[in-house]
Amino acid sequence: MTSIAYDFPWIAAAERVYGPLADAFGLRPARDALQTWCELATAQLGEVIANAQVAGVVAAGAVDGMNRLTQRLDRLRGDGQTINSPTALLRMGLGEFDGAMHAAMLSEPGLAATAASVRATSHRRSGWQKLSTLSAEALGQPTRVEVDETFREIQQLKREVRELKRAAHARTAGSRP
């Protein structure tokens, strides 16, 4: 178990001294839950930061899209062309924004921000699953792994019953005149 207070040496020292004593009194599940809550809070903060990075990339893409649209409209005006309908203007604007967003998200910062967001979300989800498992074990409830194993066993038994029914049906059908 890693220390919940790795930045505070005095808390780490207290953990080393009193941790085994707390375990002896049966407080290990509570200590594990506290550790998991701290990891979960860190993961939540990491997810917020990663999503803010994605939002920054999206904002940069929006600014680039607006600049592209403005440049295109300036070129059209310079050529003496006009846009006669709001739909055509909207279509042109969306095309420019789409290209800018595509370029922003496929850029190095965009890919890094997306990867960081996916990693942070996965880390947060695994923290919740770990906390759920600890809670289930503390309350005597089946864990997700146990439920999954039971489901697989039930499915295997259903397959075997279907095979036995088919074999019995084939045997009875073959013995009839």
Take the range 8-28 and flag every residue that is of a type in the set (D, E, K, R) and loosely packed, with under 12 Cβ neighbours inside 10 Å.
-> ARG16
Which members of the range 71-112 meet the condition of being surrounded by 12 or more Cβ atoms within 10 Å (Cβ to Cβ) and of a type in the set (S, T, N, Q)?
-> SER107
Which residues, taken from the range 47-57, are open to solvent by less than 80 Å² (accessible area, probe 1.4 Å) and more than 16 Å from LEU131 (Cβ to Cβ)?
-> ALA50, ASN51, ALA52, VAL54, ALA55, GLY56, VAL57
Pairs returned, first residue in the range 33-59 that is within 30 Å of ALA22 (Cβ to Cβ), second residue that is open to solvent by 30 Å² or more (accessible area, probe 1.4 Å) and not in a helix (DSSP H, G or I), beta-carbon separation under 7 angstrom, 6 or more apart or interchain, are LEU34/ILE4; GLN35/MET1; GLN35/ILE4; CYS38/ILE4
Scan the range 29-41 and give yes if some residue there is open to solvent by 60 Å² or more (accessible area, probe 1.4 Å) and in contact with a helix residue (DSSP H, G or I) (Cβ under 6 Å, 6 or more places away or on another chain), otherwise no.
-> yes
Would you say ALA60 is in contact with a Pro (Cβ under 9 Å, 6 or more places away or on another chain), over 29 Å from TRP128 (Cβ atoms), of a type outside the set (Val, Ile, Thr) and open to solvent by less than 90 Å² (accessible area, probe 1.4 Å)?
-> yes
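The values are calculated or read from the model by the stated rules, or taken from the named source; none is laboratory data. None of the values given here were measured: they were computed from a predicted structure. We place every Cβ from the backbone using ideal geometry, glycine too, and count neighbours over all the protein chains shown. Remember, those area values only see protein heavy atoms, side chains included, never the ligands or the DNA or RNA. Shrake-Rupley method; radii C 1.70, N 1.55, O 1.52, S 1.80 Å.
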